[in-house]
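The values are calculated or read from the model by the stated rules, or taken from the named source; none is laboratory data. Note that the coordinates shown come from a computational prediction; the quantities given were computed from them, not determined experimentally. Because the Cβ atoms are built from the backbone with ideal geometry, glycine has one as well, and the counts that use them run over all protein chains shown.
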């Protein structure tokens, strides 16, 4: 029997041991109605600690809304959003801001500040939320930019960057404060397959280096199964499957199979 | 009939809801000013954007407003043989009414619309959500500096408007139409009281607050996409301008 640590197949780094203990984020019976439509309908979900969890589902299934609940950007109409046992939906604004220091978030379009350079964007959370000196900030920012392969782009403005570069800068910004949890809202949507895989590889690589908890919304099916430990399938505001990736891939749920295969016939008829 | 009452009721509720939302927004902005960090550099940047960059348009508008007042005032006063009162007519009109109101309207058009568009684009581009996700209060970070910037800038611009407008009236009245310079300034000095200047200052402070409040509110709660930002920008300019004019009437009636 070999005592060698297994290697992560896609990124080639040593895999991290499965963590023990409670899930880091827990959604309990969460309901949310927006503009008269029930977007989340009694969602119960556990996000495992120090693992990559992918959330998949049809467009408009409520994935982004669910992700925003996890960081308190949207409060539920009913139910609880627990981060390490604390219901963030009931916290005051100041207490919520303290909890958010544990998070980094990468938004769909990157959400970089367009009046700031790449360097200033990545330095922004450090300047605003820490007491670090400019020397240390510089060191951290440059190291994160090197990690995402953008050493030479620090002086550029967001409108001078390609879609893939914007996501990489946003990723560098999301992890510059060394958060415990990073949320990704469609980090690869609209990118070509090579750049998409390079971003997913970067996410996987960073996970294995730092052991962050990562939650990622994705439409890249089936590619995303290669890069995630757990998969959550959301449909019509409900979690229809939440399990380790291998189990979801072999799920007997007809909707899950239709989503994985991209069949136009099945339980969901769009036309 | 029931439908009519229903529609009126619905509109009234929406109006009350919107007013409540605006009041809470203003309260949150003012409350956030009371606690550190104070971000003086961001406030100065707004004073530069709202104040310094509006200087040209303010000087231009003020000069021609003063010149028109000089011209109109001279021919009106001449009918009564009172051309000597031109200085006081020009100065009082500018200091009490035209200075604060026209400055505020010009700032609304130049800077207010830009405030709405900038914040609206940040909203639809999820930059405001991004601030929130970092644990940074967007009202404190984005709105408070703009509110303070407008409250500082508009009275200063109004003072400049008054001075340039009076000079415009002087050029037309004294240099072109031949009113005696000593009489022009003497009458002005005799008729303008400290109270007039103070009232104009109070008005401009309140107008500055209205511009920043309305324009940032409309941007912060903008609709979806480019069309949403465009509609917010238009309605911000219209609402600010209307509130300035309506507010001017009520302020005048209280301060007189």
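Would you point out the residue of the range A:101-120, among those that are in contact with a strand residue (DSSP E or B) (Cβ under 9 Å, 6 or more places away or on another chain) and more than 9 Å from every other protein chain (Cβ to nearest Cβ), that is nearest to residue A:66 (Cα to Cα)?
Top of the filtered list is A:106.
Residues are listed down the side, and each one gets a yes or a no for (1) in contact (Cβ under 8 Å) with a residue 40 or more places away in the chain; (2) closer than 24 Å to residue B:128 by Cβ; (3) within 15 Å of the chain's Cα centre (by Cα):
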| residue | (1), (2), (3) |
| --- | --- |
| A:15 | yes, no, no |
| A:28 | yes, no, no |
| A:40 | yes, yes, no |
| A:63 | yes, yes, yes |
| A:67 | yes, yes, yes |
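Look at the range B:84-121 and say how many of its residues are surrounded by fewer than 24 Cβ atoms within 10 Å (Cβ to Cβ) and within 14 Å of chain A (Cβ to nearest Cβ).
Qualifying residue count, the range B:84-121: 4.
For the range A:137-156, does any single residue satisfy the condition of being modelled with pLDDT of 90 or more, within 9 Å of chain B (Cβ to nearest Cβ), in a helix (DSSP H, G or I) and out of contact with any strand residue (DSSP E or B) (no Cβ under 6 Å at 6 or more places or on another chain)?
no
Here are A:159, A:77: which of them is within 14 Å of another protein chain (Cβ to nearest Cβ) and over 27 Å from residue A:50 (Cβ atoms)?
On inspection, the qualifying residue turns out to be A:159.
Quick check on my filter: what residues within the range B:59-73 are surrounded by fewer than 23 Cβ atoms within 10 Å (Cβ to Cβ) and either under 21 Å from residue B:241 (Cα atoms) or touching a helix residue (DSSP H, G or I) at 6+ places or on another chain (Cβ under 6 Å) (or both)?
B:59, B:60, B:61, B:63, B:64, B:65, B:67, B:71, listed by residue number.
Would you mind telling me which numbered condition in (1) in contact with a helix residue (DSSP H, G or I) (Cβ under 8 Å, 6 or more places away or on another chain); (2) assigned to a helix (DSSP H, G or I) residue B:179 fails?
(2)
Quick one: how many residues across the range A:176-195 are surrounded by fewer than 20 Cβ atoms within 10 Å (Cβ to Cβ) and outside any loop (DSSP other than H, G, I, E, B)?
Residues in the range A:176-195 being surrounded by fewer than 20 Cβ atoms within 10 Å (Cβ to Cβ) and outside any loop (DSSP other than H, G, I, E, B): 3 in total.
Working carefully through the options A:98, A:68, find the one that is part of a helix (DSSP H, G or I), within 10 Å of another protein chain (Cβ to nearest Cβ) and in contact with a strand residue (DSSP E or B) (Cβ under 9 Å, 6 or more places away or on another chain).
Just a single option satisfies the conditions, and that option is A:68.
More than 21 Å from residue B:72 (Cβ to Cβ), out of contact with any strand residue (DSSP E or B) (no Cβ under 7 Å at 6 or more places or on another chain) and part of a helix (DSSP H, G or I): which single residue out of B:247, B:173, B:168 fits that description?
B:247
Kindly state which helices (runs of 4 or more DSSP H) lie completely within the range A:204-271 and contain at least 2 residues that are buried (at least 19 other Cβ atoms within 10 Å of the Cβ) and at pLDDT below 90.
A:224-227, A:254-261
What residue, of B:128, B:136, is without any contact (Cβ under 8 Å) to a residue 40 or more places away in the chain, in contact with a helix residue (DSSP H, G or I) (Cβ under 6 Å, 6 or more places away or on another chain) and within 14 Å of chain A (Cβ to nearest Cβ)?
The unique qualifying residue is B:136.
Being touching a residue at least 24 places away in the same chain (Cβ under 8 Å) and at positive phi, is that true of even one residue in the range A:241-249?
For the range A:241-249, residues touching a residue at least 24 places away in the same chain (Cβ under 8 Å) and at positive phi: absent.
Out of A:123, A:61, A:89, A:131, I need the residue that is in a helix (DSSP H, G or I) and either loosely packed, with under 15 Cβ neighbours inside 10 Å or away from every other protein chain (no Cβ under 14 Å) (or both). Which one?
The unique qualifying residue is A:89.
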